[in-house]
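A quick write-up on the structure given underneath.
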Amino acid sequence: MLMASRFLRWHSPMMIGPDVLEIQTLMAAHGLDPGPLDGIFGPLTKQALRQFQKTHGLKDDGITGPDTWRALTRGYDYDLAATAAVLPKIHVHVDTRILTMTGNGTITAYPVAVGKPSTPSPVGEWKVVFKSMNPGGPFGVRWMRLSVPWGGYGIHGTNNPNSIGRAVSHGCIRLYNEDVVRLYDLTPVGTPVSITGTVRKIRTLKYGTRGQDVQQVEQMLFDLGYLSLAPNSYFGQSTQRAVLAFQKDQKLPRTGRVDRSTLKALQIEHDRVMDDTNP
């Protein structure tokens, strides 16, 4: 499915967090004025983001999707001060939902929450590039941003401990607060982070297709009131009619298919209606 962390945007209530602070800092580095660097996505941040998007030939929707993240971070010089020889190593396996840290001859394991199927955690080799203490809210007590170029992914705590061990996030790796405090203290900027597990290919969903990704789309359409039948993992006529109605309301091309643009719009609308803006 679509590879993206939570889509930062002007939202009521306003989105808050270290990922917002980072895009504000990045826009300031590009010579724009996002307002106070306070981690709150307000109208000035939206205005600056739209200006950045226009300047870089992006869709000026004021939403930090994957393309905007790539453009914001391209060429940005993060200070990776520590050397690889002395750094610990972090490994996250999304299928088992276990994070392990290896260093100084020891291995420590922690249970984690990972991305839900529609917003999976980014499989690949990354580094910790930014750290923040006490971000609060859904980020819990610690935040460590990863070098993923297409979104604001990170390792952080949580205000929902019941989510640990489940696939429920927008792609971030969540830990119990007491675990992330220990991990944070042992993790310098520059620490390599390997995320492995099942890679789900992105495909365009259309009439006749079946699968878990179809069920996820049907569930979002059902939650939004476009689909009256319970999700059944089959893209039939009722699902196609629901997609067409959603595309019409969102002023998208009425193809009856779920491609990247329709999926992104569906995720954003579902997050808005269900008030799901947690990382």
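The values are calculated or read from the model by the stated rules, or taken from the named source; none is laboratory data. Please read all numbers here as calculations on a predicted model, not as lab measurements. Neighbour counts run over all protein chains shown; Cβ positions are idealised from the backbone, glycine included.
Hey, any hits in the range 182-193 for a residue that's assigned to a strand (DSSP E or B) and closer than 21 Å to residue 271 by Cα?
Checking the range 182-193: not a single residue is assigned to a strand (DSSP E or B) and closer than 21 Å to residue 271 by Cα.
So is residue 168 part of a strand (DSSP E or B), within 25 Å of residue 219 (Cα to Cα) and not assigned by TED's automatic domain parsing to the domain that holds residue 264 or not?
Considered against the rule, which asks whether it is part of a strand (DSSP E or B), within 25 Å of residue 219 (Cα to Cα) and not assigned by TED's automatic domain parsing to the domain that holds residue 264, residue 168 comes out as yes.
Would you call residue 196 surrounded by fewer than 19 Cβ atoms within 10 Å (Cβ to Cβ), more than 18 Å from residue 6 (Cα to Cα) and touching a His at 6+ places or on another chain (Cβ under 6 Å)?
So residue 196 passes the test.
Take residue 135 and decide whether it is out of contact with any helix residue (DSSP H, G or I) (no Cβ under 6 Å at 6 or more places or on another chain) and surrounded by 15 or more Cβ atoms within 10 Å (Cβ to Cβ).
When the stated conditions are applied, residue 135 does not pass them.
Would you pick out the residues in the range 240-261 that are closer than 21 Å to residue 272 by Cα and in contact with a helix residue (DSSP H, G or I) (Cβ under 8 Å, 6 or more places away or on another chain)?
242, 243, 246, 247, 250, 252, 258
Could you list all residues from the range 124-165 that are of a type in the set (Gly, Ala, Ser), within 21 Å of residue 96 (Cα to Cα) and part of a loop (DSSP other than H, G, I, E, B)?
Within the range 124-165, 157, 165 qualify.
Take the residues in the range 217-232 that are within 20 Å of the chain's Cα centre (by Cα) and closer than 13 Å to residue 262 by Cβ, then tell me which one is surrounded by the most Cβ atoms within 10 Å (Cβ to Cβ).
Once the filter is applied, the top-ranked residue is 217.
Among the residues of the range 164-186, which ones are more than 16 Å from the chain's Cα centre (by Cα) and either of a type in the set (S, T, N, Q) or buried (at least 17 other Cβ atoms within 10 Å of the Cβ) (or both)?
If the condition is that a residue be more than 16 Å from the chain's Cα centre (by Cα) and either of a type in the set (S, T, N, Q) or buried (at least 17 other Cβ atoms within 10 Å of the Cβ) (or both), then 164, 176, 177, 179, 180, 183, 184 are the ones that fit.
Report whether or not residue 255 is touching a strand residue (DSSP E or B) at 6+ places or on another chain (Cβ under 8 Å) and either at pLDDT below 95 or polar (S, T, N, Q) (or both).
No, not satisfied.
Which of (1) modelled with pLDDT of 90 or more; (2) surrounded by fewer than 16 Cβ atoms within 10 Å (Cβ to Cβ); (3) part of a strand (DSSP E or B); (4) not charged (D, E, K, R) does residue 99 not meet, given it meets every other one?
Looking at each condition in turn, residue 99 falls short on (2).
Is it the case that some residue within the range 238-252 is touching a residue at least 24 places away in the same chain (Cβ under 8 Å) and not in a helix (DSSP H, G or I)?
no
Which members of the range 111-125 meet the condition of being surrounded by fewer than 20 Cβ atoms within 10 Å (Cβ to Cβ) and on the phi < 0 side of the Ramachandran plot?
111, 116, 117, 123, 125, listed by residue number.
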